[in-house]
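Have a look at the structure below, then the notes.
The values are calculated or read from the model by the stated rules, or taken from the named source; none is laboratory data. Keep in mind it's a predicted model, so treat the numbers as computed, not measured. Cβ coordinates were reconstructed from backbone atoms using ideal geometry, including for glycine residues, and neighbour counts include every protein chain displayed.
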Amino acid sequence: MDPTTLQTTWYALLGVVWGLYLVLGGTDLGVGMLVRRTDRAAALRAIGPTWATNDVWLVLAIAATLGAFPGWYAELLSGAYLPLVLLVGAVMVRHAAIELLGHATPAAVPRWERALVATSLAIPFLWGLIWAGALDGSLARGQDAGLGLLQPEGVLAGLALAALCRAQGAAFVRLRVPSARADLPLLPGSALAAALLLLAAAALTLGAAPGVAVGLVGGLLALAAVGGLGLLVLGAAVARDDWSLLGAACAMAGAVGVVLAVLHHAPVAGAGPHAVLLADAAAGDVTLTAMLVIAGLLLPPLLLALGYAYVRFLRAPDDAPARGVGGLVARAIRGTLRELR
C-alpha cells in the first residue's frame, strides 16, 4: 500500500525536524568532541546560548515519530533497543558534563572533559548505526536487541556521521573563536569526513535491503550532499570557515534527506514479514490531521524563537572579515553580546 498524502506530509515534516537536529545539534556535538583540543571555556561559550535548544529538536522528532507513526516507533525500539539505551545514557552524561564542567573541582575537570568528548562521539555514531540498519535491513530483522546492527556498513556510516559532526564543530569554533584556528586545522578533518561519507554511501548502496532504491528525490538530495562536501573541503582549503560550515550543514541535511527519501515507503526496510511499510505504521487520519494542526501552530513560533536566539546571542568575532556569510552575520548582529562579557 502506498502512503497517503497526509502520511507523506508528516513524513516530510519528520525529515525537517530530524534535519534540524542533526545540522544544529550536530554542530554542538562536534564542538563537544574538540574541548580537549582548544580552549574549552571559549568553545563551550560559543554554543552556550543554543546547545540545549538544539536538543529540543531531538525530543520533537522522537515524539512526532511516536504520534504519527507508532508502528515505526515500536519497531525502532525493538530493533535497536541497546543502541537507543546507549544513546539515552550518552545524552544524559553529555548534558551533565556541559553543565558541571564550570563547577567541577580541578581534579574532576579532566574526567568530565573526557566524558563530554566520548558522548559527543558516541551519539552521532549510534544514530549512523541505526539509520544504516534500516537501509540494509538489519533493523527489520531485530537481531539481538540491536547487536545485529553492527554490520561493517553500519559502523562506517556511524564513523562518517561522527566525522561530519566534528568538521561542523571545528568550522563553527574557528568562525566564532579566531584564537582557536591554530589549534583546529580544518582541512584534514573535512577531507576525512567527506571520504568516510562517500565510502559509507557506496557501502550502503551495495548492501541495501531488497527493494530499497534511491529514486529521483533521493538522487537530487544526494547531489546536494555531495555539493556540500565539496564546499566543506574547498572552504577548508582556502581558509573560509563560513564556506566550510555552510557546506557541512548542506552535506548533513542532504544525507538525512537521502536516507528518509530512500525509506519513504518502508522506514524499517527489509524483505519478508519483518519489513514495516509507512502506510501500515502510520496513525489514523484523524490523529495525523490533529497533529498537523498542532504542528502548524507550534512550529512557526519555535523556529522564530530559534532564529532569535541565533541572531541575539551568536555573532561573528570582531576581527572576522567583512565578507561572505561571516561578514553578513558580523554586520547584522555585531556587539549584541558585549553586555555578557
Which helices (runs of 4 or more DSSP H) does segment 105-191 wholly contain that include 3 or more residues that are among the small types (G, A, S) and closer than 16 Å to P83 by Cα? 109-136, 152-176
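Conditions tested, residue by residue: (1) of a type in the set (A, V, I, L, M, F, W, C); (2) under 18 Å from A269 (Cα atoms).
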{"site": "I130", "(1), (2)": "yes, yes"}
{"site": "G137", "(1), (2)": "no, yes"}
{"site": "A203", "(1), (2)": "yes, yes"}
{"site": "L220", "(1), (2)": "yes, no"}
Which of the following residues is surrounded by 17 or more Cβ atoms within 10 Å (Cβ to Cβ), farther than 14 Å from V31 by Cα and out of contact with any Pro (no Cβ under 6 Å at 6 or more places or on another chain): A248, A213, A236, A195? A236
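Residue under question is L223, and the condition is that it be under 18 Å from G128 (Cβ atoms) and assigned to a helix (DSSP H, G or I); does it hold? I'd like the intermediate steps shown before the answer.
Working: under 18 Å from G128 (Cβ atoms): no; assigned to a helix (DSSP H, G or I): yes.
It is false that L223 is under 18 Å from G128 (Cβ atoms) and assigned to a helix (DSSP H, G or I).
Pick from P83, P110, P70, P106: which is buried (at least 18 other Cβ atoms within 10 Å of the Cβ) and over 15 Å from D28 (Cβ atoms)?
Values: P110 fails: buried (at least 18 other Cβ atoms within 10 Å of the Cβ); P70 fails: buried (at least 18 other Cβ atoms within 10 Å of the Cβ); P106 fails: buried (at least 18 other Cβ atoms within 10 Å of the Cβ).
On inspection, the qualifying residue turns out to be P83.
From the list L298, L302, pick out the single residue that is surrounded by 15 or more Cβ atoms within 10 Å (Cβ to Cβ) and either part of a loop (DSSP other than H, G, I, E, B) or within 24 Å of the chain's Cα centre (by Cα) (or both). Spell out how you get there, then give the answer.
Values: L298 fails: surrounded by 15 or more Cβ atoms within 10 Å (Cβ to Cβ).
Matching residue, one of L298, L302: L302.
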With A80, A52, A68, A61 as the choices, which residue is out of contact with any Leu (no Cβ under 7 Å at 6 or more places or on another chain) and small (G, A, S)? A52
Could you pull out every one of the helices (runs of 4 or more DSSP H) wholly within segment 1-94 that has 1 or more residues that are in contact (Cβ under 8 Å) with a residue 60 or more places away in the chain, under 24 Å from V117 (Cα atoms) and in contact with a helix residue (DSSP H, G or I) (Cβ under 8 Å, 6 or more places away or on another chain)? 5-20, 26-33, 40-47, 51-68
Could you list all residues from segment 5-34 that are farther than 19 Å from A281 by Cα, within 9 Å of the chain's Cα centre (by Cα) and not hydroxyl-bearing (S, T, Y)? G19, L20, L22, V23, L24, G25, G26, L29
Quick count over segment 218-266, residues being of a type in the set (V, I, T) and closer than 27 Å to Y73 by Cα, is 4
Within the set of pairs 6+ apart or on separate chains, which have a first residue in segment 128-154 that is farther than 26 Å from G19 by Cβ and modelled with pLDDT of 85 or more, a second that is surrounded by 23 or more Cβ atoms within 10 Å (Cβ to Cβ) and not hydrophobic (A, V, I, L, M, F, W, C), and C-beta atoms under 7 Å apart? none
Taking segment 265-295 as the region of interest, how many residues are modelled with pLDDT of 90 or more, surrounded by 14 or more Cβ atoms within 10 Å (Cβ to Cβ) and part of a loop (DSSP other than H, G, I, E, B)? 2
